[in-house]
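One structure is given here, and the rest of the page talks about it.
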Amino acid sequence: MRLSLVLKISVLLFFAGSCKEADDKKETMLKEDIVVAVSSPAGQNTSLPFLVSNGEKTMMSWVATENDSVYILKYAPFTDEVWQSSKEIIRGTDWFVNWADFPMLVENSGSLWSHVLKKSTADTYSYDVKMNLLPKGDSVWKTNIDLHTDGTPTEHGFVTALPYKQNFFVTWLDGRHTEENKIGERGAMTIRAAQVTSNGQVSDEHELDLRTCDCCQTTAAITQNGPVVIYRDRSDEEVRDISIVRQVNGIWTTPKPVHEDHWNIKGCPVNGPKAAAIKNGVAVAWFTAAQDNPRVQVAFSKDGGTVFNTPIKIATGNVLGRVDLLLLDEQTAIVSWMQSKDKITSLQAVKVAIDGTLGKSITITPMNGSRKSGFPQMERVDDRVFFAWTHIENDTSSIKLASVNLDVF
């Protein structure tokens, strides 16, 4: 009887151990299956990916380098679960290629818009935004079209472009007032916006803010009320918080903080916001290190950006920022960012609701934490979220992609 009891206990322990091993194995497999590698249409010596999707069409653009001197802007569509062959938009030897200020691609009703930064003089920080357009039905890109015509040998860049009605809405940082005058004075960086037709005609151009941060990315969204532009502002006291300007009934509003972080910093942090809108629901994610407390946070608005709720902290501690944002519905977003822990840098993503509810943070991939890795991109593709980033290995760059099912977040 005693032997029988021992046997029963042994059998129970065996099965319990087997179940635990099975559970552990299942959990490991689940973790491995959460992030799925996606083949990339870009080869070696490529960087600066930009993902874009309108719910029906998904594309990615990037920059390829040849012989360390020739830059090529390429793109590829994602159709039938496969990246199609890449196509060349334009190439040049006189571009300003920067880890934080990268080309982008936009589609509207079959027409495509893209841009590059082209040197205007031999000075390092003297370059213009040049547009490239492929009207619907055309097979040849119209290239090197001027977005701005001020002609100053200054910085122009950090572009955001979106489809808007039958045109493209474009906003950018403009340094025309930073040119030194006769008595050695320089003005501030500004932000401007305009509409561009599929043939490259620029109209409705406006200066939105007379003084902004010099080199943080801009972002924008289209609400039911009209376009909104969000960017890192710059006060006379060097407070660099995130501001919003809204177009209401055709008139641009006065710049207003999304939230007063009170980040006082003398230099540009090169870390801009990302925004998205559905109807009049707007979400903005950004990085700040105000009060010596680095963090990524997101704020929601229900009225087209007129009023934002108190920011929700997404991540704190050793965060690098470099955020991206997707809006799933008017009150739910996915935010991605880069952070370091135990000397390992990773790309993270999490779902957040307007009431502050956070999902579990998902590690997308370990990354090189240097500037060479650029700004990771995120886009929704059907019931998945695609991620793209610049992978650095042995001083060679290439573009990697991965996907995560929406229901995992």
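Worth a mention:
- Within straight-line cross-link reach of Lys130, aspartates and glutamates at Cα separation under 15 Å, skipping those fewer than 8 residues along the same chain: Asp94, Asp101, Asp146, Asp150, Glu155, Asp174
- Residues of segment 317-338 with amide N under 12 Å of the 7 Å Cα→Cβ point at Lys302: 331
- Here is the list for segment 75-163: trypsin sites (Lys or Arg not before Pro) lying in DSSP coil, each with at most 15 other C-beta atoms within 10 angstrom of its C-beta, are Lys136.
- Per DSSP, loop trypsin sites (Lys or Arg not before Pro) in segment 345-409 with at most 12 further Cβ within 10 Å: Lys360
- Each helix, a run of at least 4 DSSP H residues, gives -39500 (n - 2.57); summed and divided by the residues of the chain, these come to -3000 deg cm²/dmol at 222 nm.
- Local electrostatic count, Asn318, Cβ distance below 15 Å [Lys/Arg +1, Asp/Glu -1]: +3
- Extension reserve of the Gln166-Asp292 stretch, reckoned as 0.36 nm per residue once the Cα distance is removed: 40.9 nm
- Computed extension gain for Asp342 through Asp80, at 0.36 nm per residue and net of the alpha carbon distance, reaches 90.3 nm.
- With Cα atoms defining each centre, segment 278-312 and segment 202-269 are spaced 13 Å apart in the structure.
- The 3J(HN,Hα) values that the Karplus relation (6.51, -1.76, 1.60; θ = phi - 60°) gives for segment 300-307 are, in residue order, 10, 10, 9, 10, x, x, 5, 10 Hz. Gly and Pro appear as x.
- Length added when fully stretched, Lys360-Lys256, from 0.36 nm per residue minus Cα-Cα: 34.2 nm
- Fewest-first ordering of Val319, Val70, Val140 by other beta carbons within 10 Å of each residue's beta carbon gives Val140, Val70, Val319.
- Taking 27 Å as the limit for the C-alpha separation, the pairs Lys57/Lys142; Lys87/Lys360; Lys142/Lys165; Lys57/Lys360; Lys119/Lys256 exceed it in the case of Lys87/Lys360; Lys57/Lys360; Lys119/Lys256.
- Within segment 242-257: backbone nitrogen closer than 14 Å to the Asn280 label point (7 Å, Cα to C-beta): 247-249
- A Förster distance of 30 Å, applied to the separation of the beta-carbon atoms of Asn249 and Thr149, puts the FRET efficiency at 0.65.
- C-alpha center-to-center spacing [segment 356-404, segment 89-152] in angstrom: 25
- Segment 113-119 - phi-based ³J(HN,Hα) in whole Hz, Karplus 6.51/-1.76/1.60, Gly and Pro as x: 10, 8, 8, 9, 9, 10, 4
- Model label points for Gln201 and Asn405, set 7 angstrom from Cα along the Cα-to-Cβ axis, are 4.9 nm apart.
- Placing dummy labels 7 Å off each Cα toward the beta-carbon, the span from Ser370 to Glu238 is 2.8 nm.
- Pairwise Cα inverse-distance average, inverted: Kirkwood Rh of segment 149-212 (Å): 12.6
- Net charge over other residues, Cβ less than 12 angstrom from the Cβ of Thr390 (K, R count +1; D, E count -1): +3
Since every read-out is calculated from the coordinates, none of them should be taken as a lab result. The structure displayed is predicted, hence computed values, not measured ones. Counting neighbours? That spans all protein chains shown, and the Cβs are built from the backbone with ideal geometry, glycine included.
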